[in-house]
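Visitor: I have a structure I would like to understand better, so I am pasting it below and will then ask my questions one at a time.
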Amino acid sequence: MPDIEARPAVADITLRQRAGDLWGFIRQPSPFRVPYPWGRHLLAAVGFVYLIDLLIDFGVQQLLDWIDASVSALPDAIDFETTLEEDLISFLLFAPLTEEALFRGWLTGKLASLRFAVFGAASAALFIAAGYVGEGTNSVLVLAGFAVLAFGLWQWSQTRFTDTRIPDWFAKNFTWLVWASSLAFGLVHLANYQAITGAIDLVVVLPQTIGGLLLAYTRVRFGLRAAMLHHAAFNAVYLLTVYQL
């Protein structure tokens, strides 16, 4: 992986260079050993990537509307009965924190983070399974999911400063790992839609899949906190459109 010294300071990168770096990452994700330091220049760079994310999402949504009207009727989003207060907590706090930790927190490649990713994947599997079982078993699986996640966090807190080695296989397969995590991030959002009846229906999560790739860029280049901020800001725009605030 390239050293941080090989990069210019974040303030020295022009918007054109940032756009080029973003496009290069989308085509072939590449890691940095450590993120840029936190500061106003970093926030401006994250804001630029965030605006690109909004523009791409708008274009993809137009494409999905055209497919829905002209090619095939796509599944509708499930109308969950939630209050504004519940959605504010879920979209602006819970989702950015948990989803970034589970899907992109381990992209440093450090052993402690990779170990946590295994626990996170196991807990996510339990949460997903809870949606397909009966009432009694449902609560057991949810509790088991939280228990596995809590144990994974404890393990990470105990080893984060000692298990810092990055395995060779991670560096060699970084591109595929980012693409796979972005695809998984998109597919998880199928739970927000009615039943999938054909392969064409999978395009409904294209916005989340592309969004996952852009969030991976933010996470790798600027750090996990920046990715959480990017995620929360994107969800804030979504809530503004839903509730017309």
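Visitor: Connecting C-alpha atoms closer than 10 Å in a GNM of the chain, tell me which of TRP156, TRP169, TRP179 has the biggest fluctuation.
Guide: Looking only at TRP156, TRP169, TRP179, the biggest GNM fluctuation is shown by TRP169.
Visitor: Please report, in cubic angstrom per residue, the volume enclosed by the convex hull of the alpha-carbon atoms of the range 191-242. Intermediate values should be presented prior to the final figure.
Guide: Details: hull volume 4.5 nm³, N = 52.
Value for the range 191-242: 86 Å³ per residue.
Visitor: Could you state the number of Å between the C-alpha centres of the range 71-87 and the range 139-167?
Guide: The range 139-167 and the range 71-87 have Cα centres spaced 31 Å from each other.
Visitor: Stokes-Einstein D for the range 150-245 at 37 °C, 0.692 mPa s, Kirkwood Rh over Cα pairs, in µm²/s? Don't jump to the answer; show the numbers that get you there.
Guide: Working: Rh = 15.9 Å.
The diffusion coefficient I find is 206 µm²/s.
Visitor: Please get the size of the charge dipole for the range 51-110, origin at its Cα centre, with Cβ charges of +1 on Lys and Arg and -1 on Asp and Glu, quoted in debye to the nearest 20.
Guide: 500
Visitor: Using 0.36 nm times the number of residues separating ALA147 and THR83, minus their current alpha carbon distance, what extension gain do you get?
Guide: Taking ALA147 through THR83 to full extension adds about 20.3 nm, to one decimal.
Visitor: Let me ask something additional. Of the peptides 69-81, 133-145, 88-100, how do they stack up when ordered by the mean number of other Cβ atoms within 10 Å, highest first? Don't jump to the answer; show the numbers that get you there.
Guide: Numbers: 69-81: 10.8, 133-145: 12.5, 88-100: 17.0.
Sorting 69-81, 133-145, 88-100 by mean packing, highest first, produces 88-100, 133-145, 69-81.
Visitor: From Cα coordinates alone, what are the radius of gyration and Dmax values for the range 96-135 in angstrom?
Guide: 11.9, 38
Visitor: In Å and whole numbers, how far do the C-alpha atoms of the chain stretch along each principal axis, longest first?
Guide: 51, 42, 35
Visitor: What is the extension gain from LEU206 to THR241, computed as 0.36 nm multiplied by their sequence separation minus the C-alpha to C-alpha distance, in nm to one decimal?
Guide: Values: separation 35, 0.36 × 35 = 12.60 nm, distance 1.90 nm.
Working it through step by step, the gained length comes to 10.7 nm.
Visitor: Here's something else I'd like to know. Please find the FRET efficiency linking VAL133 to TRP169, where r is the Cβ-Cβ separation and R0 is fixed at 30 Å, and quote it to the nearest 0.05. Don't jump to the answer; show the numbers that get you there.
Guide: Values: r = 35 Å, r/R0 = 1.16.
So, using R0 = 30 Å, E works out to roughly 0.30.
Visitor: Please name whichever of PHE119, GLY136, PHE146 sits farthest to the positive end of the charge dipole of the range 112-233, dipole taken about the Cα centre and charges placed at Cβ: Lys and Arg +1, Asp and Glu -1.
Guide: Highest projection toward the positive end goes to PHE119.
Visitor: For an R0 of 22 angstrom, estimate the FRET efficiency from the Cβ-Cβ distance between ILE56 and ALA180 and round to the nearest 0.05.
Guide: 0.65
Visitor: Might you tell me the accessible area per residue for the chain, computed with a 1.4 Å probe and given in Å²? Could you put the intermediate results ahead of the total?
Guide: Working: 13960 Å² over 245 residues.
About 57 Å² of surface per residue is accessible.
The values are calculated or read from the model by the stated rules, or taken from the named source; none is laboratory data. Keep in mind that this is a model prediction, so the values were computed, not measured. Quick reminder, even Gly has a Cβ in these numbers, built from the backbone with ideal geometry, and neighbours come from all protein chains shown. What goes into the accessible areas is simple: the full protein's heavy atoms, side chains included, and nothing from ligands, DNA or RNA. Shrake-Rupley method; radii C 1.70, N 1.55, O 1.52, S 1.80 Å.
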